[in-house]
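What follows is one structure encoded as structure tokens, with my remarks underneath.
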Amino acid sequence: MSIFILLLALAIWGIVHSFLASHLAKDLFRLRAGNSDFYRLAYNIFAGISFLPALYLVKALPDQPVYQVPAPWSYLMFGGQAFAAVMLFVAFLQTNPLSFMGVRQLFEKEKAGGALVTSGLYHLVRHPIYTFALLYVWLSPTISQNSLTVYIGATIYILVGTYFEERKLLREFGEAYVEYKRKTPMLIPGLALGKK
């Protein structure tokens, strides 16, 4: 039953989060509010707060261990998580963090069709934030039934979300993104499957 409740909570969050990330939601907001300068910031705050119930359910629902990696292997996994966390932060810094969070839009007019980032970690994969977020969660040395459910749900959401995000990026950047996709794998460096 815990698995079903967690999957339902993740599905609801994912549907709402995806809708709010769409151009349609932003356009509707702009029509209603007159401008969308603070939309990105509000969206990010809402996304974070609305995920808290799922995290609460992970702790509150009945749970059982799936596996626990013993030392010294767990230390290697913690080291991998530390590496993933640092690389996640580096990837975040390469995205123009103030715009990514929605803070810059409060002080400057949002530029239509910002710049396509293809350097740094974005030279290795098209979505390094997702790559290192997934690496971080899957290197967890202790997995319970509830955490495994959330990790699987989050992985599916990221994979599906990446597909739709790439469609938006193709519309926004056109041929430049087609060329970038041709040269750069989606999530795993060096994996030709991620290239199209």
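Residue count for the stretch 140-183, restricted to those that are at positive phi and under 17 Å from the mean Cα position of the chain (by Cα): 0.
Filter the stretch 22-44 down to the residues that are assigned to a helix (DSSP H, G or I) and touching a residue at least 40 places away in the same chain (Cβ under 8 Å), then identify the one that is surrounded by the fewest Cβ atoms within 10 Å (Cβ to Cβ). Walk me through it before giving the result.
The initial filter retains those residues of the stretch 22-44 that are assigned to a helix (DSSP H, G or I), namely 23-33, 39-44.
Narrowing the set further to residues that are touching a residue at least 40 places away in the same chain (Cβ under 8 Å) leaves 23, 39-44.
On the way: HIS23: 10, TYR39: 18, ARG40: 20, LEU41: 15, ALA42: 14, TYR43: 18, ASN44: 14.
Looking at the filtered set, the residue picked out is HIS23.
Against the definition (closer than 27 Å to LYS168 by Cβ, small (Gly, Ala, Ser) and in contact (Cβ under 8 Å) with a residue 40 or more places away in the chain), how does ALA47 come out, yes or no?
Spelling it out, it is not the case that ALA47 is closer than 27 Å to LYS168 by Cβ, small (Gly, Ala, Ser) and in contact (Cβ under 8 Å) with a residue 40 or more places away in the chain.
Of the numbered criteria (1) under 15 Å from the mean Cα position of the chain (by Cα); (2) loosely packed, with under 13 Cβ neighbours inside 10 Å, the one ILE129 fails is (2).
Across the stretch 138-157, what is the number of residues that are within 25 Å of PHE19 (Cβ to Cβ), of a type in the set (Val, Ile, Thr) and surrounded by fewer than 18 Cβ atoms within 10 Å (Cβ to Cβ)? Count: 3. Can you tell me which residue within the stretch 69-82, out of those that are in contact (Cβ under 8 Å) with a residue 12 or more places away in the chain and among the hydrophobic types (A, V, I, L, M, F, W, C), is farthest from ILE5 (Cα to Cα)? Of everything passing the filter in the stretch 69-82, TRP73 is farthest from ILE5 (Cα to Cα). At pLDDT 95 or above and assigned to a helix (DSSP H, G or I), is that true of PHE100? Taking the combined requirement at face value, the residue does not satisfy it.
When you look at ILE12, is it part of a helix (DSSP H, G or I), out of contact with any strand residue (DSSP E or B) (no Cβ under 6 Å at 6 or more places or on another chain), among the β-branched types (Val, Ile, Thr) and closer than 22 Å to SER140 by Cα, yes or no? When the stated conditions are applied, ILE12 does not pass them.
Conditions (1) outside any helix (DSSP H, G or I); (2) within 19 Å of the chain's Cα centre (by Cα); (3) over 15 Å from ASN146 (Cα atoms), marked per residue:
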site	(1), (2), (3)
LEU52	no, yes, no
TYR56	no, no, no
PRO62	yes, no, no
VAL66	yes, no, no
LEU116	yes, yes, yes
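Please find, among GLY102, GLY14, the residue that is surrounded by 13 or more Cβ atoms within 10 Å (Cβ to Cβ), at positive phi and in contact (Cβ under 8 Å) with a residue 40 or more places away in the chain. Testing whether each residue is surrounded by 13 or more Cβ atoms within 10 Å (Cβ to Cβ), at positive phi and in contact (Cβ under 8 Å) with a residue 40 or more places away in the chain leaves just GLY102. Of all the residues in the stretch 46-91, those that are surrounded by fewer than 15 Cβ atoms within 10 Å (Cβ to Cβ) and acidic (Asp, Glu) number 0.
Somewhere in the stretch 55-68, is a residue free of Cβ contacts under 8 Å to residues at least 24 places away in the same chain and closer than 27 Å to LEU121 by Cα? Checked the stretch 55-68: no residue is free of Cβ contacts under 8 Å to residues at least 24 places away in the same chain and closer than 27 Å to LEU121 by Cα.
The values are calculated or read from the model by the stated rules, or taken from the named source; none is laboratory data. Everything numeric here is computed off the predicted structure, so don't read it as measured data. We place every Cβ from the backbone using ideal geometry, glycine too, and count neighbours over all the protein chains shown.
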